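Note sheet for the following structure.
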Amino acid sequence: APIERNIMLQVEDLEHLVNSQRTVLSFPMTIGVIPTICPYLLPRFLPVLKQRYPQFQLKIVEDQSHVLVDMVSRGEIDVAILALPFPCDGLLSPEFWQEDFYWAAPKGEKHTRQKEISSTELNHCDLMLLKEGHCLRDHVLEACKLPGQTANEGFGATSLNTLIQMVLGNMGTTLIPEMAMGALISQHRELAAVHLKEPGPHRRIAFVLRPNYTCTSSIEALIKICKETLTA
């Protein structure tokens, strides 16, 4: 029942408050991360976290934004890492990173020698995006001011890695966020990455948490590591 659930959450908040008076990140946490951030942030973030806070117990839940926002609201997970803009009604969403999109295409194709590419030029580039429900798709369409139907669906692709494999197979081109460049582009010498010449930042990364969440010092510590590792 909702009332019982609220009482349980309040008890948990009090326990967290007691814990937070001890040391930062001294109690277990569950963090939700969306699929277009998870594989690109965690390999940088987790080793530093482990080194600095070896006792910290962390669980990761990977899911789409609307699922994670719901889980945060219901207190099923402590916080989520999302890309904004995204509706987070009644929740706090401190931003810690901003980034732009890059167009990925096989080298030698038209526009691949350019420093930047405009959305007008992208209209003729067989652009493949993630399937509906992924906020990255919406952010790309918004940044490029493209109507949804103009973008090839990518045949239901649910990961950037799949889209890159499709680009390598000459099935089209795609847009990827800056944080994914190292993992997706640098290992494929046959691919070019060109900055999207549209007003940015094209997406903003934030922690999302309940307003009465008591472990803010732990969130601050996590934000600090995220910023450091992304900057590096």
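The values are calculated or read from the model by the stated rules, or taken from the named source; none is laboratory data. Just so it is clear, the model here is predicted, and its values are computed rather than measured. Counting neighbours? That spans all protein chains shown, and the Cβs are built from the backbone with ideal geometry, glycine included. Note: areas computed on protein heavy atoms with side chains; ligands, DNA, RNA excluded. Shrake-Rupley method; radii C 1.70, N 1.55, O 1.52, S 1.80 Å.
Testing the spin-label approximation: label points 7 Å from Cα along Cα→Cβ at residue 11 and residue 145. State their distance in nm.
A separation of 5.5 nm, rounded to one decimal place.
What pairs from 107/145; 110/197; 145/197; 50/227 go past 19 Å between their alpha carbons?
107/145, as the Cα separations exceed 19 Å there.
Can you give the Kirkwood hydrodynamic radius for segment 114-225, in Å, rounded to one decimal and based on Cα pairs?
15.7 Å
Pick from 177, 85, 211: which residue has the top mean-square fluctuation in a GNM of the chain where Cα pairs under 10 Å get a spring?
Evaluated over the chain, the most mobile residue of the options is 211.
Rounded to the nearest angstrom and ordered from largest down, what semi-axes does the equivalent ellipsoid of the chain get from its C-alpha gyration tensor (root of 5λ)?
36, 19, 14
Out of all Cα-Cα pairs in segment 43-169, roughly what percent, to the nearest whole number, are more than 19 Å apart?
In whole percent, the share of Cα-Cα pairs in segment 43-169 beyond 19 Å is 62.
Please get the size of the charge dipole for the chain, origin at its Cα centre, with Cβ charges of +1 on Lys and Arg and -1 on Asp and Glu, quoted in debye to the nearest 20.
Using only the charged Cβ atoms, the result is roughly 680 debye.
If the viscosity is 1.306 mPa s and the temperature 10 °C, what translational diffusion coefficient in µm²/s does Stokes-Einstein give for segment 24-88 when Rh comes from Kirkwood over Cα pairs?
In µm²/s, the coefficient is 128.
Taking the Cβ of residue 93 as the center, what net charge do the other residues with Cβ under 12 Å away carry, scoring Lys and Arg +1 and Asp and Glu -1?
0
Going by average Cβ density within 10 Å per residue, which order do the peptides 32-43, 111-122 take, highest to lowest? Spell out each step's value before the answer.
On the way: 32-43: 20.2, 111-122: 15.3.
The peptides rank, most packed first, as 32-43, 111-122.
Please compute the Kirkwood hydrodynamic radius over segment 62-113, one decimal place, Å, based on all pairs of different Cα atoms.
Taking the inverse mean of 1/r over all distinct Cα pairs, segment 62-113 comes out at 13.7 Å.
Taking 0.36 nm per residue of separation and subtracting the Cα-Cα distance, what length does fully extending residue 74 through residue 59 add?
Gain on stretching residue 74 to residue 59: 3.7 nm.
Give me the percent of accessible area attributable to carbon and sulfur for the chain, probe 1.4 angstrom. Please list the in-between numbers first.
On the way: 6140 of 11650 Å².
Answer for the chain is 53 percent, counting heavy atoms of protein chains only.
Kindly provide the GluC sites (Glu not before Pro) of segment 169-232 that DSSP labels as loop, not H, G, I, E or B, and whose Cβ sees at most 16 other Cβ atoms within 10 Å.
Counting only loop positions with at most 16 other Cβ atoms within 10 Å, the GluC sites (Glu not before Pro) in segment 169-232 are 190.
Quick one: compute the contact order of the chain, relative version, from alpha carbon pairs under 8 angstrom and 6+ residues apart, as a percent.
Computed value for the chain: 33 percent relative contact order.
Kirkwood hydrodynamic radius for segment 82-138: how many Å is it when counted over pairs of different Cα atoms?
The Cα-based Kirkwood calculation yields 14.3 Å.
Using the Cα centre as the reference, give the magnitude of the dipole from point charges on the C-beta atoms of segment 1-130 (Lys, Arg: +1; Asp, Glu: -1; all else neutral), rounded to the nearest 20 debye. Please report the intermediate quantities before stating the final value.
Numbers: 11 positive and 17 negative charges, 129 e Å.
The calculation lands at about 620 debye.
How large is the accessible surface per residue of the chain, computed with a 1.4 Å probe and reported in Å² as a whole number? Don't skip to the answer; put the middle values down first.
On the way: 11650 Å² over 232 residues.
Accessible surface, normalised per residue, equals 50 Å².
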